[in-house]
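*Asks:* One structure is given below, represented as structure tokens, and several questions about it will come after.
The values are calculated or read from the model by the stated rules, or taken from the named source; none is laboratory data. These numbers come from a predicted model, not from an experiment. Glycine gets a Cβ as well: all are built from the backbone with ideal geometry, and neighbour counts include every protein chain shown. Side chains included, ligands, DNA and RNA excluded: accessible areas come from the protein's heavy atoms. Shrake-Rupley method; radii C 1.70, N 1.55, O 1.52, S 1.80 Å.
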Amino acid sequence: MALLSFQINYHTTWGQQVCLCGSVPELGQFDETRAIILSNAGDDWFAEINVKKTENIQYYYFIRHGGSTVRREWGKHRKLHVIRDKKNYLIQDLWKSKPWHTYLYSSVFTGSIFRHANEAVSLKQYAHSILLNVICPYVHRAQQICITGNCDVLGHWNPTYAIPLSYVDDGEWQIILDAEKIPPSCEYKFVIRDCASGEIIHWEDGGNRILYAEKAYGNGIVFVEMGLQYHYHHFNYKGTGTSIPVFSLKTKDSFGIGEFTDLYKMIDWVSVTGQQLIQLLPVNDTTSTGTWRDSYPYSAISIYALHPIYLGCSSLPLKDKEKFNLFARKAARLNSLPEVDYEQVLKLKADYSRALFQECGEQILSSAEYLAFYEKNSHWLFPYAGYCYLRDRNKSADFLKWGEFSSFDKDRLLRMTEMNPEAKAEIHYWYFVQFLLHEQFSEVKKYARGKGIALKGDIPIGISRHSVDAWTDPGFFNMDTQSGAPPDDFSFLGQNWGFPTYNWLAMARDGYSWWISRFRKMSDYFDAYRIDHILGFFRIWEIPLHAVHGLLGYFSPALPYWAEEIERYGIPFDEDRMVEPFIHERYLPEIFGEYADEVKNYYLDIWGWQRFKLKSFCNTQQKIDRLFIGQEDEKKRRIHDGLLTLCTEVLFIRDRHDQHKFHPRITAQYTYSYRYLDDHVKEAFNRLYDDFFYRKHNYFWREQAMQKLPVLLSSTTMMACGEDLGMVPDCVPSVMNELQMLSLEIQRMPKDSKTLFTDLSSLPYLSVCTTSTHDMSPVRAWWTENRAVTQRYYNEILHHGGTAPEECNETLCKEILTKHLQSTAMWVILPWQDWMSVDEKLRNPNYAAERINIPANPAHYWQYRMHLSLDDLLKETDFNKMILEMNRR
């Protein structure tokens with residue numbers, strides 16, 4: 001048996017107890033009801049236990065008050081390695097609080113950039129041993145932490161003789177010293193040393209530490225100092241990266257679209273140019289219609305399944321060489337196109353994967369690797385494969401049209417699989433495809449980590465209405481609503497994504513298991529992630545199903561007004577006037593022009609003096625949309641758009657949950673309904689509007705986010721970033737800062753409405769700075785969009801005199817990128833198009849072709865592709881050296 005004596009200093013308030021819980025029975029085996037309560041003398045707490053010889057003990061401290069746990073230590077459990085019999089371990093601990101640099105414990109750093117191979121823990125112990133356990137997450141992969149001090153063993157402060165520590169866990173280092181060779185007390189410090197040159201990178205800040213070797217002088221004593229914090233007061237990491245969708249990649253081996261295997265060369269390019277991260281768009285399966293409309297990567301049919309279109313076919317050659325060459329010729333033709341031909345590529349990939357399944361499906365599905373994959377993923381794999389079979393059999397992704405399978409029933413699906421050989425074969429085919437995708441993407445992550453490159457994924461805020469998730473877990477979604485975004489710089493009409501909103505109450509009752517499972521699956525492939533529309537965790541823009549535009553939406557959850565509250569603002573509230581569309585004869589010609597009379601006669605009913613209402617066949621935006629399907633002439637388009645506008649002529653929107661409460665309509669000040677109010681009513685409405693959208697909900701929305709985000713963020717070790725653009729409540733920055741989530745900062749999209757451009761020298765450190773996103777024009781296209789804005793940027797930000805050039809030349813592009821690289825943000829992640837812009841020879845001659853998405857167009861075709869291959873780019877030595885130098889600076 002070994003005696004373990006634990007000591008920790010912790011200041012408690014009256015009634016609090018310090019408790020110890022751990023992996024061995026004597027410490028409760030992580031059951032806090034069986035944990036040890038420490039004794040104390042003032043703020044010093046201590047306990048003793050006897051344990052059998054073991055490889056390691058994991059443990060942690062927590063605070064109990066009145067029978068409840070009120071606080072736990074931050075981070076991973078402590079590990080005490082190699083417990084020997086007949087030894088007395090005197091363990092001196094320090095309470096682990098959440099550090100200011102928790103991002104260094106994310107897998108971006110521990111698994112990639114600052115990755116170290118876990119070393120075998122030294123089994124050597126002396127008659128009198130000192131074990132020092134140090135928490136130091138600041139050590140680059142080419143560096144090590146060492147100890148030096150004022151005695152012979154520690155080298156008398158000579159860095160050449162400093163003793164290296166062993167890496168034992170994420171940011172954790174350890175060394176065992178022979179106490180007999182050390183004076184009773186000596187001074188020491190930890191240092192960070194470059195492995196190759198031996199140069200000291202950093203001497204630990206603060207005064208010298210004292211090592212009391214005399215504490216280990218007793219018989220069989222091992223003196224342990226656990227959780228020593230390395231002192232590095234002003235450490236700031238600065239990283240750079242590239243954002244590029246997988247579908248946009250191009251190599252000589254691509255089958256007409258970027259593939260997971262193309263990421264190898266992308267990783268190589270990022271590595272040789274001195275970057276540390278690649279940011280991708282969502283890569284989940286979106287196959288709903290089998291048409292180009294599925295190119296929209298944010299409308300996934302599964303939060304788990306990878307998109308079959310990203311399968312790297314060239315690395316999985318068919319045994320039938322003639323057939324493979326036929327596929328290769330088709331792929332070469334598609335690969336030569338300037339953009340992705342989504343439908344042709346999807347068909348080619350489907351044909352190829354089916355040919356591959358015919359050749360080796362049975363062999364792969366019986367392999368040990370596949371069986372391990374299936375065991376871990378079967379909870380989503382079977383529903384997904386069943387969905388794919390039923391979607392294709394019914395020629396529709398709308399599961400409400402699937403008859404007896406319109407609602408998910410696992411047992412019924414299993415019976416069908418057992419009775420129907422065709423269904424069974426199809427389901428096995430989808431298992432096969434997902435396994436191959438998983439294998440390829442997992443190997444890519446492993447390769448990236450080996451090069452010190454982190455992969456950053458993207459978590460969409462929504463899921464497709466016709467997805468596997470909506471089919472299997474309909475209770476987690478409000479299927480009678482749709483989500484989107486209020487009007488912003490991207491879209492005057494707001495955005496309607498069509499996704500159902502989340503039933504957060506149901507998800508909370510389930511412990512957010514759906515989200516946790518989603519995040520954990522994401523961590524199979526990524527070390528960091530961007531949460532698309534982080535504002536959705538505070539409140540989402542919810543839109544009625546009958547609406548087409550985002551203008552008729554409202555925030556949910558929210559605190560809408562009673563009619564009496566509206567009247568107290570000085571507004572004579574009238575539902576007919578303010579909740580129903582206000583359609584007045586006087587303004588109809590402004591909307592419909594020469595067609596105003598036709599509209600009055602055919603689409604409107606008289607409803608009071610000079611007022612009208614929409615007829616029942618066209619009284620919602622969805623009815624209007626259906627009415628004009630396929631009618632594209634100018635007259636029909638103007639009537640269609642005008643009728644949609646009439647639907648939005650309201651000042652208030654009725655609450656979905658309580659018909660007696662009302663939300664002010666977003667941007668109502670632009671309506672005719674507002675224009676026709678008396679001046680004093682306009683002023684009253686403006687006061688109510690400003691209170692509602694900018695003041696009333698701050699604490700309420702903060703509470704909503706803090707109920708969800710901490711649980712989800714702690715479910716993995718990935719680094720979290722939030723896309724916090726648009727109409728941002730005041731509570732968002734404080735929540736993100738408290739949770740150490742990285743914000744998104746864009747110079748031409750300032751969060752301060754009083755400025756035209758964000759000050760790059762004043763960005764929050766915990767942020768990602770970029771020139772543009774996939775929803776915006778890259779730098780060169782932006783330069784030409786608004787000459788007045790460009791001129792101000794040229795004079796005020798770049799500090800050049802005179803008239804701005806018509807186009808953004810390579811010198812200006814390099815200047816813009818350099819300013820971003822020198823920003824105060826932790827990360828600068830630039831679109832690949834903007835990196836290319838700094839070289840006249842390599843940039844795309846057609847800058848207009850570089851845009852990935854136009855948010856105002858819900859039917860946008862996502863088909864942007866690199867204009868030169870990564871094979872050719874890797875040969876551009878001079879260009880790559882220039883980018884490397886820009887990153888080094």
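*Asks:* If you count only protein heavy atoms with a 1.4 Å probe, what accessible area per residue comes out for the chain, rounded to a whole Å²?
*Replies:* In whole numbers, the chain has 42 Å² accessible per residue.
*Asks:* Next question. Using all alpha carbons of the stretch 527-599, what is the percent of pairwise distances in each 10 Å bin, ordered from the shortest bin to the longest?
*Replies:* 14, 25, 31, 20, 7, 2, 0
*Asks:* Provide the three semi-axes, in whole Å and in decreasing order, of the ellipsoid equivalent to the stretch 1-114 as defined by the square roots of 5 times the Cα gyration tensor eigenvalues.
*Replies:* Equivalent ellipsoid semi-axes, largest first: 23, 21, 13 Å.
*Asks:* Pairing the Cα long axis of helix 263-272 with the longest principal axis of the chain, what angle in degrees results, from 0 to 90 and rounded to the nearest 10?
*Replies:* 60 degrees
*Asks:* A follow-up question, please. Give a residue-ordered list of calculated ³J(HN,Hα) values for the stretch 540-550 (Karplus: 6.51 cos²θ - 1.76 cosθ + 1.60, θ = phi - 60°; whole Hz; x for Gly, Pro).
*Replies:* Going residue by residue, I get 10, 7, 9, 10, x, 4, 7, 8, 9, 7, x Hz, with x marking Gly and Pro.
*Asks:* Below 8 Å between Cα atoms, with a sequence gap of 6+, how large is the relative contact order for the chain in percent?
*Replies:* Here the relative contact order equals 11 percent.
*Asks:* What does the convex hull of the Cα atoms come to per residue for the stretch 695-740, in Å³?
*Replies:* Each residue corresponds to 68 Å³ of Cα convex hull volume.
*Asks:* In whole Hz and in residue order, list the ³J(HN,Hα) couplings for the stretch 347-355 that follow from phi through the Karplus curve 6.51 cos²θ - 1.76 cosθ + 1.60, θ = phi - 60°; x for Gly and Pro.
*Replies:* After applying 6.51 cos²θ - 1.76 cosθ + 1.60, I find 5, 4, 5, 5, 5, 5, 5, 6, 5 Hz.
*Asks:* Using only Cα atoms, figure out Rg for the stretch 94-207 and give it as a multiple of 2.2 N^0.38 Å.
*Replies:* It is 1.09.
*Asks:* Over every pair of different alpha-carbon atoms in the stretch 708-853, take the mean of 1/r and invert it; report that Kirkwood radius in Å.
*Replies:* For the stretch 708-853, inverting the mean 1/r across all distinct Cα pairs yields 16.5 Å.
*Asks:* Which value, in debye to the nearest 20, describes the size of the charge dipole of the chain about its Cα centre when Lys and Arg Cβ atoms bear +1, Asp and Glu Cβ atoms bear -1, and nothing else is charged?
*Replies:* For the chain, the charge dipole is close to 1160 debye.
*Asks:* Just to be sure I understand the model, the point goes 7 Å from the Cα along the line to the Cβ. What's the resulting residue 703 to residue 156 distance in nm?
*Replies:* It is 6.7 nm.
*Asks:* Also: Report, to the nearest whole %, how much of the accessible area of the stretch 383-458 belongs to carbon and sulfur atoms, 1.4 Å probe, protein only.
*Replies:* 49 percent
*Asks:* Taking the mean number of other Cβ atoms within 10 Å as a proxy for protection, how do you rank 440-451, 689-700 from highest to lowest?
*Replies:* 440-451, 689-700
*Asks:* Rounded, prolate or oblate, given the Cα gyration tensor of the stretch 444-503, with a/c below 1.5 counting as rounded?
*Replies:* oblate
*Asks:* Just the Cα atoms of the stretch 388-544: what Rg and Dmax do they give in Å?
*Replies:* Cα radius of gyration and Dmax of the stretch 388-544 are 18.5, 55 Å respectively.
*Asks:* Moving on. Go through 256-269, 39-52, 128-141 and give me the packing order, highest mean Cβ count within 10 Å leading.
*Replies:* 256-269, 128-141, 39-52
*Asks:* Separate question: Computed over the Cα atoms of the stretch 373-423, what is the convex hull's projected area averaged over all directions, in nm²?
*Replies:* The Cα convex hull of the stretch 373-423, projected and averaged over all directions, gives 3.7 nm².
*Asks:* Compute the Rg to Rh ratio over the stretch 1-64 from the alpha carbon atoms, using the Kirkwood formula for Rh, and round to two decimal places.
*Replies:* Radius of gyration relative to Kirkwood radius: 0.98.
*Asks:* What ranking do 178-188, 313-323 get when scored by the average of other Cβ atoms within 10 Å per residue, highest first?
*Replies:* Averaged packing, sorted descending, gives the order 178-188, 313-323.
*Asks:* What shape does the stretch 50-146 have by the C-alpha gyration tensor, where a ≥ b ≥ c are the square roots of the eigenvalues, rounded means a/c under 1.5, and otherwise prolate means a/b greater than b/c and oblate the rest?
*Replies:* Verdict is oblate for the stretch 50-146.
*Asks:* Mind putting together the pair-distance distribution for the stretch 491-616? All Cα pairs, 10 Å bins, whole percent per bin, short to long.
*Replies:* For the stretch 491-616, the binned pair fractions read 9, 24, 28, 19, 11, 8, 0 percent.
*Asks:* Of the listed pairs 265/456; 708/819; 96/215, which have alpha-carbon separations greater than 25 Å here?
*Replies:* Violating the 25 Å Cα-Cα cut-off are 708/819.
*Asks:* Relative contact order of the stretch 49-202, please, whole-number percent, based on alpha carbon pairs below 8 angstrom and at least 6 residues apart.
*Replies:* About 19 percent, as a whole number.
*Asks:* So, one more: For a quick check: with amide H placed at 1.01 Å from N, whose amide H comes under 5 Å from residue 143's, ignoring anything fewer than 5 positions away on the same chain?
*Replies:* For residue 143, whose amide H was placed from the backbone, the distant partners under 5 Å are 195.
*Asks:* Now for a different question. Rounded to the nearest 5, what % of the DSSP beta bridges within the chain are antiparallel ones?
*Replies:* The answer is about 65 percent antiparallel.
*Asks:* Where the Cα atoms of the chain are projected onto their three principal axes, how long is each span, largest first, in whole Å?
*Replies:* 103, 78, 75
*Asks:* For the stretch 507-523, in order, what is each residue's ³J(HN,Hα) by Karplus, 6.51 cos²θ - 1.76 cosθ + 1.60 with θ = phi - 60°, in whole Hz (x at glycine and Pro)?
*Replies:* With coefficients 6.51, -1.76 and 1.60, one gets 5, 5, 4, 8, x, 6, 4, 4, 5, 4, 4, 5, 5, 5, 5, 4, 6 Hz.
*Asks:* Now, a different point. Which links in 613/682; 124/189; 323/451; 635/751 stretch past 28 Å when you go from one Cα to the other?
*Replies:* 323/451; 635/751
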